[in-house]
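Single-structure report; data block below.
Derivation of every value follows stated rules applied to the coordinates shown; laboratory data play no part. Keep in mind it's a predicted model, so treat the numbers as computed, not measured. Every residue, glycine among them, receives a Cβ derived from its backbone with ideal geometry; neighbour counts consider all protein chains shown.
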Amino acid sequence: MDLLCWEKIGSGDSQIDNNKAKFDPVIFSEMRVLTNLLSVEKYYVPSCNYFSRVSTDVQPFMRKVVAGWMLEVCEEQKCEEQVFPMAVNLFDRFLCKFDVNRNHLQLIAAVCLLMVTKVRQCYALSIELLCFYADNCFTPDQMRKWELIVSTTVDWDITSVTGYDIVDHVLKRLRWSSEQPLVRTHALTLLSLCCREPDFMRVKPSMLASSCILAAARGLKVKAGTTESVLQLTGCHPNPVEEIISVIESLVTSQTMTLRVDTPPAPSTPSPKYNGTVEPAETPTDVQEVHF
């Protein structure tokens, strides 16, 4: 019997090969998997708005900054796609039960990244590496101590259902998705953007996934009929999904404007055929024109 192996182990001098799992056709063709995800997702939505009910020192903008740092670490270390949203979800679920000082937020975020990479990757991020990314503002011993605190607080329920888990199951059941591979890429990008926003903290993963898929599909000018097909699979109501899509489009616009302000202008060169007219600046109207 021939075994399919995707591993490519390099030499001792090269970096560790972080192999990505391939799509399992058995899992993604079985409707029961999506049904089970939708049935248990409610248990992993943060139980409250901890900014007003639990925390006395943490503000929403602080969470956004810390989540942005977590995303940067995941991108630079090429973590699995599910690591970032699951780590943010673990971060939120912990803060719903534990009042912490603002000075401990980055420490808790690093601990969440450590724990999630242990269960979702072949190679976990090391404690020393996470301390380095935080400019050594906490010690490895502190991380080990808080790892136990976080684990016991969430009853050792580390893994969770996220929008990333649902996106692929939905797209695999849509006929047009095979013709539009960019929809998945843009939908996952929008999901990362939403995970950073405190306003989406308590939105169900299925609703967030549906909104990001539809926002990406509309930005890529996918044919009509996508809304009904997506919502039929996830069981979401169209009204809240449309509201979330509007917020996502506003976030994309603001993110684009921020990037344009922060990007230095290219050196100008005189044109021999300048006709005296200036083209007005345009704001991208769809996700295809946005590069995060």
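Structure data summary
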{"read-out": "For segment 46-153, alpha-carbon Rg over 2.2 N^0.38 Å", "value": "0.98"}
{"read-out": "Modelled label reach - Cys137, point 7 Å along Cα→Cβ, segment 66-86 residues with backbone N closer than 18 Å", "value": "66-74"}
{"read-out": "Extent along principal axes [Cα atoms of segment 163-260; Å; largest to smallest]", "value": "36, 28, 22"}
{"read-out": "Length added when fully stretched, Phe28-Asp99, from 0.36 nm per residue minus Cα-Cα", "value": "21.6 nm"}
{"read-out": "Virtual spin-label span in nm between Phe51 and Glu179, 7 Å along Cα→Cβ", "value": "4.2"}
{"read-out": "Difference of contour (0.36 nm per residue) and Cα-Cα distance, Tyr43 to Asp157", "value": "40.0 nm"}
{"read-out": "Over 21 Å between alpha carbons, listed pairs Lys172/Lys223; Lys78/Lys204; Lys97/Lys118; Lys42/Lys145; Lys42/Lys118; Lys78/Lys118", "value": "Lys78/Lys204; Lys97/Lys118; Lys42/Lys145; Lys42/Lys118"}
{"read-out": "Relative packing of peptides 122-129, 174-181 - highest average C-beta neighbours within 10 Å first", "value": "122-129, 174-181"}
